[in-house]
Amino acid sequence: MTRMRGALALMTGAGSGIGRATAMRFAAEGARVACVDRAAAAADETARAIKAAGGEAFGLGADVTDETACGRMVAATVERFGGLTTLVNSAGVGPQRELSPTEEFRQIVAINLTGTWQVSHAAREALAASGRGSVTNLASIYGCQERGRLSRDHRSKMSPVHRRPCPLTHAWTPTSSSCSSSSRSATGLGLRPSRPAFFFSRNR
C-alpha cells in the first residue's frame, strides 16, 4: 500500500489511541512520520513500532499547549525529513475529573482547541513550502450532541478550528494548503474518515 508515498507527516497525539493507529497506518501507506506526544516514551514507542514494520519515523516529546514546543516539533520534522507536507492534529483529552470544573475546562480548551491552532500556525510556512500541504483536525461527532460533562471535551473538538469550512483554509489562502476535520471514532482508523466528517479543501 503506497497511497501516501512521499508524504512527510507530523502527527500529534501519536503516543496512543487513534493518534498512534493513524501514525502507523500513514507509515504503512508510505508516509514518513514524526510521532509527537507529550509523553515522550509513548511517542518513541509508536516510532519503534513503525520502524519494526519497515516504515520510517521518529518520536518526539512535546506539549501542544506550549507555543515554543510547537515550533520545535515542526522544525525537528523539517530537519529530519527535509520538509513537511501533512499535519494531523490528533492530540486531545477528555474529562479530567480529578480537576475542579474550571481547571478541567481550561485544560481541555488548551489542548483540544488552542493546541490545534498553535501547531497548525507553527506548521503553516513549512506546509506552504511543500506546495501540497494538508491539515487534518480530528474532531468529535458528540460535539453536536449533549453528553453532560463529556460535552466539554466533545464541544471543544467541534470548535470553529475543527468545523467546516475550516477557518485555517480561509486564513491561509492563497497558500497551497488545505484543511479538513474528521470525527473521532474507533471505526475511523483508516485513511477514510468515519462519518459524519467535515471536509473543506482549496488550492490543493
Which listed residue, of Val74, Val119, Val78, Val93, is modelled with pLDDT under 90 and hydrophobic (A, V, I, L, M, F, W, C): Val93
Members of segment 1-27 that are more than 13 Å from the chain's Cα centre (by Cα) and closer than 23 Å to Glu125 by Cβ: Met4, Gly6, Ala7, Leu8
Failed condition for Arg106, given (1) out of contact with any Leu (no Cβ under 9 Å at 6 or more places or on another chain); (2) surrounded by fewer than 16 Cβ atoms within 10 Å (Cβ to Cβ); (3) modelled with pLDDT under 95: (1)
Failed condition for Ala9, given (1) surrounded by fewer than 24 Cβ atoms within 10 Å (Cβ to Cβ); (2) modelled with pLDDT of 95 or more: (1)
Unmet criterion (only one of (1) outside any helix (DSSP H, G or I); (2) crowded, with 16+ Cβ neighbours inside 10 Å; (3) modelled with pLDDT under 55) for Ser134: (3)
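Pick from segment 79-109 the residues that are touching a strand residue (DSSP E or B) at 6+ places or on another chain (Cβ under 8 Å) and among the hydrophobic types (A, V, I, L, M, F, W, C): which of them is farthest from Arg124 (Cα to Cα)? Can you show your working first?
Of segment 79-109, the ones touching a strand residue (DSSP E or B) at 6+ places or on another chain (Cβ under 8 Å) are 80-92.
From what's left, among the hydrophobic types (A, V, I, L, M, F, W, C): 81, 84, 87-88, 91.
On the way: Phe81: 16, Leu84: 10, Leu87: 10, Val88: 13, Ala91: 18 Å.
Within segment 79-109, the match that is farthest from Arg124 (Cα to Cα) is Ala91.
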Pairs with Cβ under 6 Å, 6+ apart, first in segment 10-28 and free of Cβ contacts under 8 Å to residues at least 60 places away in the same chain, second charged (D, E, K, R) and buried (at least 23 other Cβ atoms within 10 Å of the Cβ): Gly15/Asp37
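I'd like to check something: does segment 14-30 contain any residue that is in a strand (DSSP E or B), farther than 20 Å from Gly94 by Cα and among the basic types (Lys, Arg)?
Within segment 14-30 (the criterion being in a strand (DSSP E or B), farther than 20 Å from Gly94 by Cα and among the basic types (Lys, Arg)), the answer is no, since none of the residues qualifies.
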Residue within segment 113-123 that is in a loop (DSSP other than H, G, I, E, B), farther than 17 Å from Arg38 by Cβ and in contact (Cβ under 8 Å) with a residue 60 or more places away in the chain present: no
Test for Thr169: is it hydroxyl-bearing (Ser, Thr, Tyr), modelled with pLDDT of 75 or more, outside any loop (DSSP other than H, G, I, E, B) and farther than 18 Å from Ala31 by Cβ: no
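Filter segment 21-31 down to residues that are in contact with a helix residue (DSSP H, G or I) (Cβ under 7 Å, 6 or more places away or on another chain) and surrounded by fewer than 24 Cβ atoms within 10 Å (Cβ to Cβ), then give me how many there are.
Step one: of segment 21-31, the residues in contact with a helix residue (DSSP H, G or I) (Cβ under 7 Å, 6 or more places away or on another chain) are 23-24, 27.
Keeping just the survivors that are surrounded by fewer than 24 Cβ atoms within 10 Å (Cβ to Cβ) gives 24.
Residues that pass the stated criteria total 1.
The values are calculated or read from the model by the stated rules, or taken from the named source; none is laboratory data. Since we're looking at a predicted model, the values are computed, not measured. Ideal geometry is used to build each Cβ from the backbone, glycine not excepted, and the neighbour counts take in all protein chains shown.
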